[in-house]
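J.: One structure follows; several queries about it will come next.
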């Protein structure tokens, strides 16, 4: 069949032509400020990319399944394991959950191994599960050496082919040290356990014995570059130690699994997973392995808990959907998505099924398991992949130059760097530069969640702490709910005056603003005169009055409204929606106490109003 060129009737457009049109449309506005995104990861993202932006990216000339594996470790499919995480520790109960999950689409079980102390407990957990077809991950392990011995004996007793067994144990003493400020036993003993584990397991190449938990970094507030760079540095500590203690690099590298987060930054998360394979191959190549297996890193992804919310919890389903798609397109080998109710209760059959079905649909209806590297050739994603890899490699080199990941943990520099990015992320949420739908923007004001909370998860570890970004806002909202049980919710009266378009826009802004604290909004149609508005307020019981108008009219209507409201309602705070710089002093003199606008730190402001009103 002859090659057919599409769209030949359209003449090619040069970059210069595009740029000329953009500059014209900007009408003198700053190109860099308006259109170029400066990421938290330390690089700029342009408004568009073209083929010429890809000319210096070497890996584009490779195919999936070829070094450096940026485009995936599989050459002819995009298969992944649908992982069902089970927090239930009782082996019999966990087995029932696992069997149900496997019937409904799961292909791998992530089990709580905290009560697997003997062969009977392990057999109970695995009863009816065909390990030749089902992957098994062991989390919360009490004794890794003993569990692996039990598992090997079980595999041999059941006469499984060891080559058919896939899964992992969550052995990661370095991340444990990072989170708890201590090792399982001691640095030497823990690291030697890695060597012992690798020597114990033969002819089971698909069972991973070291699991580097980069997701801990993400859920503590790290940037994507930090998650990649530090995860790579932690993995290198294991590789270096094991090879120094007699383990061949092929064996050590092929038994390491990376567990990474997948969050809501859709394209960046796709690029992250592609970038880590490039980074891993580049790092491992320095050890000069003689088997391709060393380069093919296994990536286990677990959806972020950092971005999951208590309020509007069904939005978590949408978050999980985009996270699942990012993980699939990025080429994850195993994917676990969070139940939508993870923030406030133990998952049940319904929430587990919904989370699992996202992946089932991506496989069975979208056929995303059949397309290798679906992001290939996207100018945007390829550039993101390259930029993330460059920045993460730079960070990795800095860590190595400073003595390695363990040294960075011990001197606190790794924790300090993540804490700095964590503070930046928290500030972005507080000022709504980062939107958590239903929490810091567009809240469901009538929603109550206090009575639905069955558990509160707080990281009490002494080291690096994981958390959810929404917690600070949720604490404000929960305090309002508690107060409302006896007193009713604080009421905000919107005094809408003047220009129709501006007063409606600002009324909407204030509704969202105080709705995030769960306050009741009293919104009349609007008033022609200040006197009418003040008279209407007198008929209501309100706790705050917010005037909503245009900047130009605040100098007249706003000042008059402030005077009359303070005269008639001296104990009710009078606020202004907006930041009318030319009228601010006059408004303050007339009685305005606060100005609510887009630059306001909404978190600090709502905390302040809760302290004033919830007495």
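J.: Express as a percent, rounded to the nearest 5, the fraction of DSSP beta bridges in region 58-405 (both residues included) that run antiparallel.
T.: Of all bridge pairs located within region 58-405, approximately 0 percent are antiparallel.
J.: Give the angle, between 0 and 90 degrees and rounded to the nearest 10, that separates the Cα long axis of helix 413-430 from the longest principal axis of the Cα atoms of the chain.
T.: Around 40 degrees separate the two axes.
J.: Moving on to the next point. Need one number: % antiparallel among DSSP beta bridges in the chain, to the nearest 5.
T.: Looking only at bridges with both residues in the chain, the antiparallel portion is about 5 percent.
J.: Let me ask something else about it. Order by neighbour count: 353, 319, fewest other Cβ atoms within 10 Å first, most last.
T.: Fewest-to-most ranking of 353, 319: 353, 319.
J.: So what's the back-of-envelope 222 nm ellipticity for the chain, counting only DSSP H runs of four-plus at -39500 (n - 2.57) apiece and dividing by all residues, rounded to 500? Mind dumping the intermediate values first?
T.: Working: 22 runs with 275 residues, N = 615.
Mean residue ellipticity at 222 nm (helix-derived): -14000 deg cm²/dmol.
J.: Among 37, 306, 80, rank each residue by its count of other Cβ atoms within 10 Å, from fewest to most, as a rough exposure measure. Don't skip to the answer; put the middle values down first.
T.: On the way: 37 9, 306 21, 80 25.
Neighbour counts put them in this order, fewest first: 37, 306, 80.
J.: Further, regarding this structure: Between region 170-232 and region 245-324, what is the separation of their alpha carbon centroids in Å?
T.: 13 Å
J.: Ordered by packing density, taken as the mean number of other Cβ atoms within 10 Å over each peptide's residues, highest first, how do 117-126, 263-272 rank?
T.: Answer by packing, highest mean first, reads 263-272, 117-126.
J.: For region 58-405, what does the alpha-carbon gyration tensor say about shape, rounded, prolate or oblate, given a ≥ b ≥ c as the root eigenvalues, a/c under 1.5 as rounded, and a/b over b/c as prolate? Let's see the in-between values first.
T.: Working: a/c = 1.39, a/b = 1.06, b/c = 1.31.
Judged from the Cα gyration tensor, region 58-405 comes out rounded (a/c under 1.5).
J.: Further, regarding this structure: Using 0.36 nm per residue, how much length does the chain from residue 431 to residue 244 gain when fully extended, once their Cα-Cα distance is taken away?
T.: Using 0.36 nm per residue and subtracting the Cα-Cα distance, I get 62.4 nm.
J.: So if each residue of separation counts as 0.36 nm, and I subtract the Cα-Cα distance between residue 185 and residue 31, what length gain in nm does that give?
T.: That works out to 49.9 nm of additional length.
J.: Which option, [x] 170; [y] 216; [z] 200, is the value of volume of the Cα convex hull per residue in Å³ that was calculated from these coordinates?
T.: Entry [z].
J.: Under the rule a/c < 1.5 gives rounded, and otherwise a/b versus b/c splits prolate from oblate, where does region 191-256 land using the Cα gyration tensor?
T.: Working: a/c = 2.65, a/b = 2.02, b/c = 1.31.
Prolate, because a/c is 1.5 or more and a/b exceeds b/c.
J.: Ok, one more. Answer rounded, prolate or oblate for region 489-613, using the Cα gyration tensor with square roots of eigenvalues a ≥ b ≥ c: rounded when a/c is under 1.5, else prolate when a/b is larger than b/c, else oblate.
T.: On the way: a/c = 1.32, a/b = 1.17, b/c = 1.13.
The shape class here is rounded.
J.: What is the calculated FRET efficiency for residue 452 to residue 121, with r their C-beta to C-beta distance and R₀ = 30 Å, to the nearest 0.05?
T.: 0.35
J.: Here is a further query. Going by alpha carbons, how many degrees (0 to 90, nearest 10) lie between the helix axis of 91-103 and the longest principal axis of the chain?
T.: 80 degrees
J.: While we're looking at this one, here's another question. What ranking do 509, 574 get, fewest neighbouring Cβ atoms within 10 angstrom at the top?
T.: Ranked by crowding around the Cβ, least crowded first: 509, 574.
J.: At 0.36 nm per residue, and after removing the present C-alpha to C-alpha distance, how many nm does the segment from residue 92 to residue 611 gain when stretched out fully?
T.: So the chain would gain 182.0 nm between residue 92 and residue 611.
J.: Here is a follow-up. Cα axis of helix 602-613 to longest principal axis of the chain: angle in degrees, 0 to 90, nearest 10?
T.: Tilt of helix 602-613: around 60 degrees.
Any read-out appearing in this document is the output of simple, stated calculations on the displayed coordinates, not a laboratory observation. No experiment lies behind these values; they were computed from the predicted model shown. No Cβ is skipped: glycine too gets one built from the backbone with ideal geometry, and neighbour counts run over all protein chains shown.
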